[in-house]
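Report on one structure; see the data block that follows.
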Amino acid sequence: MHWIDPDYLPEITGTVDQFLVNRHGEADGFLLTDGEEVHVPPHLSARLLRDVRPGSEVRVRGVRPRGVQMVAAVAIDTPKGRILDDGPDAREDNAAFEKAKHGPMSVQGIVKRSIHGPKGETRGVVLEDGRIIRLPPHEAERFSALLTQGAEIVAAGDGATTSFGTVVEARQIGASAETMKTVGPKKPKHGPDHKGPKQPGKKHGPKHDEKHAHAE
């Protein structure tokens, strides 16, 4: 949304409570102490981690999806200046920043709240101890009963650990270890009936050519 002028968007203010971490170990959002969720494009992770800390006062301008207590940030004003989404091509070099430790991980706990993608789709939960469980949006819908506040949840999958947060991309999930079910993979952008891009050249198939051949 880097084409939007953020000064014309609604603004929220608050104090950063914790970062939200994706499966790559990037910060792609944060929670405020008042419960508001802010989604941040992951290409801004390095800048966000450099300029913001838990306890930082921030002003966020962005877009609010329907029915969700969340803002998809376009600009974040911090004590160190404005973080502006100029698009993924403006991603800073992450080499100087902490690399996540990846490996198999299992977590168990009580759901504190759900977390979302930029369009308001549910993408996982934060547990009461701050750890994060992520899963694809279509599977989040299937397991929605497990993702409600106060629910007991167990998950196992691919983990990423950083100093600013821990996340597991769930491969199995359930209310207990005995009831865990497999989480399906992320859906492809195109379904099985997708025909792919149109090919240049001939616009008509063999039947069309055959019809014209008989006409001659």
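The values are calculated or read from the model by the stated rules, or taken from the named source; none is laboratory data. In this text the structure is predicted, and so the values were computed from the model without any measurement. All Cβ positions, even for glycine, are placed from backbone atoms using ideal geometry, and neighbour counts span all protein chains on display.
Please identify the pairs in which a residue from segment 143-170 that is farther than 10 Å from I132 by Cβ has its Cβ atom under 7 Å from the Cβ atom of a residue that is surrounded by 21 or more Cβ atoms within 10 Å (Cβ to Cβ) and aromatic (F, W, Y), counting only partners at least 6 apart or on another chain.
Close Cβ pairs (under 7 Å, with a partner that is surrounded by 21 or more Cβ atoms within 10 Å (Cβ to Cβ) and aromatic (F, W, Y)) amount to F164/F19.
Being touching a Phe, Trp or Tyr at 6+ places or on another chain (Cβ under 8 Å) and assigned to a strand (DSSP E or B) is the requirement here; does I110 meet it?
Considered against the rule, which asks whether it is touching a Phe, Trp or Tyr at 6+ places or on another chain (Cβ under 8 Å) and assigned to a strand (DSSP E or B), I110 comes out as no.
In segment 62-109, what residues are in contact with a helix residue (DSSP H, G or I) (Cβ under 8 Å, 6 or more places away or on another chain), basic (K, R) and modelled with pLDDT of 90 or more?
Within segment 62-109, just K80 meets the criteria.
Mind telling me which of the residues G67, G25 ends up being part of a loop (DSSP other than H, G, I, E, B), at positive phi and in contact (Cβ under 8 Å) with a residue 60 or more places away in the chain?
The conditions single out G25.
What are the pairs with Cβ atoms under 7 angstrom where one residue, in segment 71-94, is assigned by TED's automatic domain parsing to the domain that holds R59 and surrounded by 12 or more Cβ atoms within 10 Å (Cβ to Cβ) and the other, located anywhere, is polar (S, T, N, Q) and modelled with pLDDT of 95 or more? Sequence gap at least six, or different chains.
Short answer, once both residue conditions are applied: T78/S56.
Quick one: in segment 133-142, which of the residues that are buried (at least 21 other Cβ atoms within 10 Å of the Cβ) and assigned to a helix (DSSP H, G or I) is modelled with the highest pLDDT?
We begin by selecting, within segment 133-142, every residue buried (at least 21 other Cβ atoms within 10 Å of the Cβ); these are 133-135, 139-140.
Still in the running and assigned to a helix (DSSP H, G or I): 139-140.
Details: E139: 96, A140: 93.
My answer is E139.
Only one of G150, G157, G130, G120 is buried (at least 16 other Cβ atoms within 10 Å of the Cβ), modelled with pLDDT of 95 or more and in a loop (DSSP other than H, G, I, E, B). Can you tell me which?
Sole residue among the options that is buried (at least 16 other Cβ atoms within 10 Å of the Cβ), modelled with pLDDT of 95 or more and in a loop (DSSP other than H, G, I, E, B): G120.
If I ask for residues that are loosely packed, with under 12 Cβ neighbours inside 10 Å and touching a His at 6+ places or on another chain (Cβ under 8 Å), which ones from segment 160-190 would you list?
Within segment 160-190, just K187 meets the criteria.
Outside any strand (DSSP E or B) and surrounded by fewer than 15 Cβ atoms within 10 Å (Cβ to Cβ), is that true of A145?
Taking the combined requirement at face value, the residue satisfies it.
Here are G103, G124: which of them is in contact with a Lys or Arg (Cβ under 8 Å, 6 or more places away or on another chain) and not aliphatic (A, V, I, L, M)?
None of the other options fit; the residue is G124.
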